[in-house]
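What follows draws every value from the coordinates through simple rules; no lab data is involved. Predicted model, so just to flag it, every value in this text is computed and none were measured. So basically every Cβ, Gly included, is an ideal-geometry build from the backbone, and we count neighbours across all protein chains shown.
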Amino acid sequence: MPKDGMIRKPVESAACLNIFVLKLEFILIYISCLEMFSQYAPRLRCRCNLLNKSVSVRCLSDKSSDDDPQKENKVVAEKEYKTPSAGSYHSPWIILKEEVKSITGAFTTGHVTPARNIIPREADILVIGGGLVGNSVAYWLKKRNPKGVNVTIVERDYGYTRASSMLSAGGIRHQFSLQENIQMSMFTTDFIRNIREHLSVLDHEPPDVQFHHQGYMFLANKEQAENLETCVKLQRELGAKIELMSREKISQKFPWVNLEGIEMASYGLQGEGWFDPWLLLKAFRQKNVNNEVTYVKGEVVGFQQTNNPGSHIGSSTDFQTLNNIDIKDEEGNLHQMHFSLVINCAGAWAGGIAEMAGIGSGKDVFSIPLPVEPRKRFVYVIHCPNGPGLEAPLTVDTNGVYFRREGLGGCYICGLSPEEVLNDQSEDKEPDISNLDVDYHFFEEKVWPKLAYRYPQFEKIKLKSAWAGYYDYNYVDQNLIIGPHPKFRNFWFANGMSGHGVQQSVAIGRAIGELFYDHEYTSIDLSRFCFDRIMHDEPVMENFIV
C-alpha cells in the first residue's frame, strides 16, 4: 500500500513494467554485442594489424624506394572497374541493378537465373590458385581461427582442366634425400589416414581418397647404391618404414624385374603409394565452404602497390605492400579487390603472378624473379594382361622410367621426365607448353624400350590412352619456395614443388598457417625453403626426383 493510501493506476504499473522490459532487452543486446565482438575481434585485429605483424620478417635489402618495380605497369587508376575495391565509391544504383538481375530474369525465362559469380570488394587473405595447395592453405588458415579471418580463393579454371594436381599420377612417397621433403610427405600420409577426422562435414558422406598402399620401389645401379643407402638411413631416422633390398631379395619378391645392372633397391613398406587427388581436392573444398571460405571464379590480371617509407623497425628501408588486385570475370568485366595478405598458390603459373606484382621486373631485390615455370609431362596408360601383379609398387628404374598399376583390369600408367636441356645439341628437349597435346613418339622412342628392357612382360602391350599435365617447375633446385617476399611484406609464396605438390600440399598449408599465426614454423622447419636462397644463389638440391 503506498504511503498516500492510494492504489496506483494500472497504466502506471504497465509503464513501469515496459521500462523494466526495455532495460532488460538493452542488457541482453549489450551482452550479445559483447559476444559478437569477442567472436569477430580477431578479424578486426587482422585488418588493423596484419601488415604490422610483418615487421618481424627479415628484409635483405637496404635500398631506398627508388627501386620500385616498374611503377608504370601498376597504374590502374584509369581502368574502368565494374566493382572497385573496398573504400572506393560505387553507385548504390549499380549495385541494386546487379542484384535484381536474377529477379527480372524470371519474367523472360520463366525461372530465376542462377546466382552470378560474386567477386567481393575485400578480403583479409587472398589465395591465388584453387588447386590442392591453395585449398590446403585456406583450410589451415580457417582451422586455427574460423571466424576471425576472412579467406578468399580466386581460381580461373573451375574445371581444373589444366591444374597440375588433377593431372598428376597421385603418388606419395617418403623416399627423399632432404629431411623437409620426407617430413612433409609423412605428414600428408598421416593426414590422409585420418581424413575423416579432419575433413568430414555434417550431413555429407565422409571423405575417402582411395589410398593404395603398395609403396614405392627405387632401383639403383652400382654408382647409385651408396647415395641410396645414405638416403634410406636418413629416412629411417625420421620414422619412415623403408627397406633396403639386395638383388636376391628383389628377385624373390618381385621376379618380374630384370636385375641386369641392378645393385639394390629401396622399398617403402608403409605409408607410400598413390591416391586420387581429385577426391582430396573435393574434400578440402567441401570443408572450406562449410568454414565460410569464399570462392571466386576469375583471372588475376594486375596489382596495385603502395610504398611504406621507414616502416621497418630499426631501419630506414622502404617497404612496398600490395593492397589491391585486379580480377577479370567470365564476361571480361574488371573487378578490384582490396586485401591485407596475398598468397601465391598458382602452381605452374606462379611465376607469371609474381611478375605481375613486380617481382623479377625491377631493380635490386625486385630484379630476382620467382624461378617457377610450367613444364609439361606425359602419363601413358598401357594394357598388359600378364604384367606385374597387385603387389607391384610404383617402381622407378635407374634411368627414371616409372610405372604402377591402374585398377584391376591389367592396366598400368608409366612415364619419364625429359632430360634437362644443357645445350642446344641436347637430344631431349622440354616439350612445348602452349598446349596439353601428348607426344606419342616420346613413348615409342624413350619410354617403351626402357620399360620393356627392365620388365620383360611389357614387351607385349597395348597403348590405350595418355594425358599431359604441368609441373610447377622450380628451375633452380626443384624444391618448394615458401614464405614472404623480403620486400613485399604481404606477398607470400607457396610454389615450385616440381611435381611433389600433391604429396606436400597438406604440409604446405599447415606451414603457411603457422607463419601467419605463430610467425614461425612450429612443426616442420621449412626455413631453408624461403626466397632468400634464390637471392643468394644457394640452391637446396633434392636427389630423388622422378
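Annotations
- Region 384-527: relative contact order as a whole-number percent, Cα under 8 Å and 6+ apart: 14 percent
- Largest first and in whole Å, the equivalent-ellipsoid semi-axes of region 390-496 read 33, 18, 14, each the square root of five times a Cα gyration tensor eigenvalue.
- Ranked by the mean number of other Cβ atoms within 10 Å of their residues, highest first, the peptides 411-417, 219-225 come out as 411-417, 219-225.
- Extending 7 Å from Cα along the Cβ direction at Lys429 and again at Gln179 yields two label points whose distance is 4.2 nm.
- All Cα pairs of region 449-518, percent lying beyond 19 Å: 56 percent
- Here the peptides 324-331, 172-179, 395-402, 505-512 are ranked by packing, the mean other Cβ count within 10 Å, and the order with the highest first is 505-512, 172-179, 395-402, 324-331.
- Cβ-Cβ distance of Arg236 and Val381, R₀ of 41 Å, FRET efficiency by 1/(1 + (r/R0)^6): the value works out to about 0.75.
- Full extension of the segment from Glu243 to Ile118, taken as 0.36 nm per residue of separation minus the current Cα-Cα distance, would add 39.8 nm.
- Separation of region 276-306 from region 482-526 is 17 Å, based on Cα centroids.
- Descending Cα extents along the principal axes, region 158-198, whole Å: 34, 29, 14
- Burial ordering of Thr161, Thr83, fewest other beta-carbon atoms within 10 Å first: Thr161, Thr83
- Which of Met245, Met541, Met217 has the fewest Cβ neighbours within 10 Å, and the rest in rising order: Met541, Met245, Met217
- Value of relative contact order over region 166-245, rounded to a whole percent, pairs C-alpha under 8 Å and six or more apart: 35 percent
- Relative packing of 265-273, 355-363, 521-529, which averages over residues the other C-beta atoms within 10 Å, highest first: 265-273, 355-363, 521-529
- Between Glu330 and Thr306, the FRET efficiency estimated from the beta carbon spacing at R0 = 51 angstrom works out to 0.95.
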